[in-house]
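Structure, as structure tokens:
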Amino acid sequence: MFLFKHKDKKTFAFYNNGSIMNMFYCCNKGFNMNDTFIKARVKMQRKWWKEGSVYQIYPRSFMDSNGDGIGDINGITSKLEYIKELGIDMIWISPYFKSPNDDNGYDISDYRDIMDDFGTLQDWEKMIQKIHDLGMKLIMDLVVNHSSDEHEWFKKSRESKDNPYRDYYYWKKGNGGQEPNDWLSYFSGTAWEYDKQTEEYFLHLFTKKQPDLNWSNPKVRREVYDIMEYWIEKGVDGFRMDVIGAIAKTDGLPSIGDGRKYKWGGEHFLNLPKAHEYLQEMNREVLSKYDLMTVGETGDVTPDDAKLYTAESRKELGMVFQFEHMGVDDNKKHEKWLKSPFKLTKFKKSMSTWQTGLSDEGWNSLYLGNHDQVRIVSRFGDDKKYRKESAKMLATMLYTQKGTPYVYQGEEIGMTNSIFSSIDEYRDVESKNYFADRKSKGDKTKDILKRLNTASRDHSRTPMQWDGSANAGFTSATPWIKVNSDYKQINAQQAVSDEDSIYNYYKKLLKIRKESMCLVYGEYEDFEFKNQKVYAFTRKDSDNTYLTVCNFYAKPTRFSTKDKYDLSKAQVVISNYDNHDIKDYKIKLKPFESLVFKVK
Ligand code: GLC
Ligand code: CA
């Protein structure tokens with residue numbers, strides 16, 4: 001228990017278990033706690049996973065320890081000091097379980113063992129031990145919307161209609177020689193696959209080697225909880241839950257249209273009330289017994305949906321990954337492969353909606369990139385002349401917002417998109433399926449490749465660039481996917497030793513954030529929202545006010561706080577430039593210049 005304002009003669013105030021909520025409830029009426037403080041913190045519980053930052057590893061592309069061209073567990077273990085040095089608290093590793101690798105491990109055939117390519121359970125045990133010894137936590141990827149078709153459950157399920165495992169998946173009769181409904185899969189074409197053995201179709205929202213598990217079957221849910229317990233027992237500190245917003249499906253799996261033309265069936269499987277029931281059950285059965293970090297991947301959520309998943313009172317998850325800001329450069333029809341130019345105003349609107357939407361209930365995850373998105377500096381910044389400046393600016397904007405910071409491997413050294421010149425250079429099943437689908441519809445190869453080059457997930461899956469030696473120091477063999485040709489300039493060895501690097505900037509920024517409770521929990525407010533070139537906002541609590549100012553473009557621009565904050569008197573906490581053109585309330589911003597001011 002900690003006393004609060006212990007010199008106050010009329011009030012006995014305290015908090016315990018890191019819960020600031022209790023503190024408020026114990027206050028007397030006349031107790032002087034200013035409004036901002038109450039607003040910003042009263043509903044917010046302090047949690048380790050809100051105060052720390054996450055580093056995401058895509059194991060296949062991180063570090064190869066045994067010269068087979070594929071990243072592995074021992075490779076990760078050999079680089080843990082590098083991650084720790086960056087100031088990271090949690091490491092989320094994309095799936096490392098047994099898998100035929102149709103979708104690089106997001107298709108699991110044995111949830112309790114390690115993928116052959118990646119090593120053994122003993123290797124994994126050494127890795128988690130070292131993660132813990134270094135004072136970090138391990139977050140595992142829980143992929144249970146679907147399994148691999150090579151999982152024992154599915155093998156049995158497809159054997160016969162009366163097999164006890166039949167109901168572990170969704171099986172349905174065809175509809176007059178057609179699929180049982182008209183839903184599209186995420187990865188092109190129908191979401192159904194016909195199986196000769198029993199003459200029925202099974203549902204797969206992703207590839208046909210990723211059949212959807214039937215969560216309405218309590219036995220399936222029990223299996224999932226047992227898997228979670230198995231890994232918790234082994235020491236994992238949390239879960240990133242793959243497409244968890246899709247686990248519930250509308251009863252009967254109805255078509256969207258007349259069943260003849262494939263349609264996007266999201267309304268029948270995204271964020272349905274049943275998904276919340278399942279998560280509440282998971283929380284009761286497993287999560288509530290431990291102090292874990294949880295983050296659910298939930299496509300198509302609004303802030304209101306996200307509150308349902310993450311408000312403390314609901315007892316579901318800690319945070320979600322939402323996707324609204326990942327769609328700001330989509331074309332009008334929301335086709336992922338056809339982008340329109342980036343517009344700051346649209347981006348700001350989305351970021352701000354989420355910052356204010358989850359201001360005192362729920363919690364945000366702060367990310368711009370991951371293994372499913374292209375490289376952030378190529379997408380939102382400038383990966384040529386102003387690569388360093390713009391990468392630092394993006395980090396400044398993102399990590400001074402309210403939420404838990406995520407760094408995707410390579411972002412901290414400003415890795416960029418590659419150029420893929422033929423379909424043979426791609427490895428990603430989504431990209432390959434898209435290519436085949438568009439080819440069959442008559443599109444020209446050149447056009448399809450152009451689209452893949454703007455949006456393919458393989459951009460973030462090229463090997464981590466460790467140094468300037470062959471294959472960027474990732475492997476001594478031929479890498480499973482080609483290395484970006486810019487590795488001689490852009491690599492970790494260079495970045496660690498260069499004081500002015502993106503890496504050292506990230507390090508400083510993450511430290512500043514972690515040491516300021518105001519930057520973690522303080523209230524977010526937009527500043528000069530209408531400005532089309534500059535993204536500015538404040539973070540406030542009773543003690544401090546920070547102002548973040550980011551020029552999102554290569555063109556210099558001006559910014560004024562009007563008469564609100566005298567910038568010449570404010571402390572610059574961090575910036576991507578050494579010198580600033582400040583005059584009283586105004587600043588002339590250089591290309592991609594960003595600053596965090598402490599104005600109070
Ligand atoms: C998630 C993963 C993605 C994977 C898909 C199917 O979106 O992030 O990589 O392909 O789920 O598991
Ligand atoms: Ca290897």
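The values are calculated or read from the model by the stated rules, or taken from the named source; none is laboratory data. Note that the structure is a prediction, hence the values are computed from the model and not measured. No Cβ is skipped: glycine too gets one built from the backbone with ideal geometry, and neighbour counts run over all protein chains shown. Remember, those area values only see protein heavy atoms, side chains included, never the ligands or the DNA or RNA. Shrake-Rupley method; radii C 1.70, N 1.55, O 1.52, S 1.80 Å.
Would region 225-240 turn up any residue that is over 23 Å from Tyr106 (Cβ atoms), open to solvent by 40 Å² or more (accessible area, probe 1.4 Å) and assigned to a strand (DSSP E or B)? The answer is no, given that none of the residues of region 225-240 is over 23 Å from Tyr106 (Cβ atoms), open to solvent by 40 Å² or more (accessible area, probe 1.4 Å) and assigned to a strand (DSSP E or B). Within region 186-203, the set of residues being surrounded by fewer than 23 Cβ atoms within 10 Å (Cβ to Cβ), assigned to a loop (DSSP other than H, G, I, E, B) and not charged (D, E, K, R) comprises Tyr186, Phe187, Ser188, Gly189, Gln197, Thr198. Taken over region 251-296, the residue count meeting the criterion of being among the acidic types (Asp, Glu) and assigned to a helix (DSSP H, G or I) is 4.
Could you please let me know if Gly119 is at positive phi, open to solvent by less than 10 Å² (accessible area, probe 1.4 Å) and within 16 Å of ligand 2 (Cβ to nearest atom)? For Gly119, the condition - at positive phi, open to solvent by less than 10 Å² (accessible area, probe 1.4 Å) and within 16 Å of ligand 2 (Cβ to nearest atom) - is not met. If you go through region 257-298 and keep only what is out of contact with any strand residue (DSSP E or B) (no Cβ under 8 Å at 6 or more places or on another chain), open to solvent by 20 Å² or more (accessible area, probe 1.4 Å) and within 16 Å of ligand 1 (Cβ to nearest atom), you end up with Leu270, Asn271.
The residues of region 432-448 that are assigned to a loop (DSSP other than H, G, I, E, B), open to solvent by 40 Å² or more (accessible area, probe 1.4 Å) and under 19 Å from Lys339 (Cα atoms) amount to a single one, Lys444. Among residues of region 71-92 that are farther than 22 Å from Leu292 by Cα, those with a Cβ under 8 angstrom from a residue that is among the polar types (S, T, N, Q) and open to solvent by less than 10 Å² (accessible area, probe 1.4 Å), sequence gap 6+ or separate chain, pair up as Gly71/Ser61. Against the test of being more than 16 Å from ligand 1 (Cβ to nearest atom), among the β-branched types (Val, Ile, Thr) and within 22 Å of the chain's Cα centre (by Cα), the options Ile93, Ile73, Ile114 yield a single qualifying residue, Ile73. Taking region 71-165 and the strands (runs of 3 or more DSSP E) fully enclosed by it, the elements with 1 or more residues that are farther than 20 Å from Glu229 by Cβ and not polar (S, T, N, Q) are at 90-93. With respect to Ser313, determine if the residue is out of contact with any Phe, Trp or Tyr (no Cβ under 6 Å at 6 or more places or on another chain), closer than 20 Å to Val236 by Cβ and surrounded by fewer than 16 Cβ atoms within 10 Å (Cβ to Cβ). Spelling it out, it is not the case that Ser313 is out of contact with any Phe, Trp or Tyr (no Cβ under 6 Å at 6 or more places or on another chain), closer than 20 Å to Val236 by Cβ and surrounded by fewer than 16 Cβ atoms within 10 Å (Cβ to Cβ).
Looking across region 88-116, the residues that are hydrophobic (A, V, I, L, M, F, W, C) and either within 22 Å of Ser460 (Cα to Cα) or open to solvent by 50 Å² or more (accessible area, probe 1.4 Å) (or both) come down to Ile88, Met90, Ile91, Trp92, Ile93, Phe97, Ile108, Met115. If the condition is being among the small types (Gly, Ala, Ser) and either farther than 15 Å from Ser99 by Cβ or within 16 Å of ligand 2 (Cβ to nearest atom) (or both), then region 122-150 contributes only Gly135. Suppose the filter is touching a Gly at 6+ places or on another chain (Cβ under 6 Å), over 20 Å from Phe537 (Cα atoms), basic (Lys, Arg) and at pLDDT 95 or above; does Lys315 pass it? Criteria not met by Lys315. Taking the condition within 24 Å of the chain's Cα centre (by Cα), at pLDDT 95 or above and either closer than 29 Å to Gly177 by Cα or among the basic types (Lys, Arg) (or both), does Phe239 pass? It is false that Phe239 is within 24 Å of the chain's Cα centre (by Cα), at pLDDT 95 or above and either closer than 29 Å to Gly177 by Cα or among the basic types (Lys, Arg) (or both). Being open to solvent by less than 50 Å² (accessible area, probe 1.4 Å) and more than 28 Å from the chain's Cα centre (by Cα), is that true of even one residue in region 532-549? Yes, region 532-549 contains a residue that is open to solvent by less than 50 Å² (accessible area, probe 1.4 Å) and more than 28 Å from the chain's Cα centre (by Cα).
All of (1) open to solvent by less than 20 Å² (accessible area, probe 1.4 Å); (2) within 16 Å of ligand 2 (Cβ to nearest atom); (3) over 22 Å from Ile244 (Cα atoms) hold for Leu80 with one exception: (2). Could you count how many residues in region 538-588 are of a type outside the set (D, E, K, R) and either part of a strand (DSSP E or B) or under 18 Å from Leu398 (Cβ atoms) (or both)? Count: 21. Just one residue in the set His146, His151, His132 is touching a residue at least 24 places away in the same chain (Cβ under 8 Å) and open to solvent by 60 Å² or more (accessible area, probe 1.4 Å); that residue is His132.
A quick yes/no check of all residues on (1) under 16 Å from Thr454 (Cβ atoms); (2) touching a helix residue (DSSP H, G or I) at 6+ places or on another chain (Cβ under 8 Å):
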{"site": "Leu317", "(1), (2)": "no, yes"}
{"site": "Asp329", "(1), (2)": "yes, yes"}
{"site": "Lys333", "(1), (2)": "yes, no"}
{"site": "Pro341", "(1), (2)": "yes, no"}
{"site": "Lys346", "(1), (2)": "no, no"}
{"site": "Ser350", "(1), (2)": "no, yes"}
{"site": "Gly357", "(1), (2)": "no, yes"}
{"site": "Glu361", "(1), (2)": "no, yes"}
{"site": "Ser365", "(1), (2)": "no, no"}
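Annotation note: of Phe12, Phe37, the sole residue that is open to solvent by less than 30 Å² (accessible area, probe 1.4 Å), at pLDDT below 95 and of a type in the set (Phe, Trp, Tyr) is Phe37. Applying the set (1) open to solvent by 40 Å² or more (accessible area, probe 1.4 Å); (2) in contact (Cβ under 8 Å) with a residue 60 or more places away in the chain; (3) within 16 Å of ligand 1 (Cβ to nearest atom) to Glu324 leaves exactly one unmet item: (2). The residues listed here are Tyr165, Tyr194, Tyr201, Tyr225; of these, the one that is farther than 28 Å from Lys432 by Cβ and without any contact (Cβ under 8 Å) to a residue 40 or more places away in the chain is Tyr165.
Within region 330-366, the set of residues being more than 21 Å from Leu270 (Cα to Cα) and either open to solvent by less than 10 Å² (accessible area, probe 1.4 Å) or in a helix (DSSP H, G or I) (or both) comprises Leu344, Thr345, Lys346, Phe347, Lys348, Lys349, Met351, Ser352, Gln355, Thr356, Leu366. Restricted to region 40-70, and to residues there that are part of a helix (DSSP H, G or I) and open to solvent by less than 10 Å² (accessible area, probe 1.4 Å), the residue that is modelled with the lowest pLDDT is Ala40. Annotation note: Cβ proximity below 7 Å between a residue of region 103-120 that is under 18 Å from Asp212 (Cβ atoms) and a residue that is among the acidic types (Asp, Glu) and assigned to a loop (DSSP other than H, G, I, E, B) (sequence gap 6+ or interchain) occurs for Tyr106/Asp242; Ser109/Glu150. Here the helices (runs of 4 or more DSSP H) wholly within region 472-537 that include at least 2 residues being under 11 Å from Ile413 (Cα atoms) are 492-497, 502-515. None of Leu567, Leu519 is farther than 23 Å from Met351 by Cα and open to solvent by less than 10 Å² (accessible area, probe 1.4 Å) except Leu567.
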